[in-house]
Amino acid sequence: MHILWTILIGFAVGLIARAIMPDRDDLNVGWTATLGISGALLGAVIGRAAGLYDQSEPVGFVVSVLGAIVVLSIYRYVVPGTTSSRLG
């Protein structure tokens, strides 16, 4: 049940990150959930390094969305055919 909950929250975080940074990404449901989960992991690493979270504390929703925005920015820079990769 914990895995299903993680996927659902990750999907919600991925949707919010994609809504904040609108563009044609062509990400399906699975990749949107992966975006949200990886954003939460990145937010956890940065938050714990900054001393915001203890090792046993879960990451906040806002930090997860910020992490997903960073991951989405990297994705758009690396993957050809997206707006950010065409700028460089």
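Here are the numbers:
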{"item": "Exclusive hit being of a type in the set (A, V, I, L, M), modelled with pLDDT under 90 and out of contact with any Ser or Thr (no Cβ under 7 Å at 6 or more places or on another chain), set ALA33, ALA19, ALA44, ALA12", "result": "ALA44"}
{"item": "Test for LEU41: is it within 18 Å of LEU8 (Cβ to Cβ) and surrounded by fewer than 20 Cβ atoms within 10 Å (Cβ to Cβ)", "result": "yes"}
{"item": "Those residues of region 17-33 which are touching a residue at least 24 places away in the same chain (Cβ under 8 Å), part of a helix (DSSP H, G or I) and either surrounded by fewer than 18 Cβ atoms within 10 Å (Cβ to Cβ) or of a type in the set (Lys, Arg) (or both), in sequence order", "result": "ARG18, ILE20"}
{"item": "Verdict on VAL71 being at pLDDT 90 or above and among the β-branched types (Val, Ile, Thr)", "result": "yes"}
{"item": "Of all residues making up region 48-73, the number that are under 20 Å from ALA12 (Cβ atoms), more than 8 Å from the chain's Cα centre (by Cα) and outside any loop (DSSP other than H, G, I, E, B)", "result": "4"}
{"item": "Qualifying residue in region 47-60 (condition: over 14 Å from TYR75 (Cβ atoms), basic (Lys, Arg) and surrounded by fewer than 18 Cβ atoms within 10 Å (Cβ to Cβ))", "result": "yes"}
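The values are calculated or read from the model by the stated rules, or taken from the named source; none is laboratory data. Predicted model only: the values in this text are computed from it and were never measured. We place every Cβ from the backbone using ideal geometry, glycine too, and count neighbours over all the protein chains shown.
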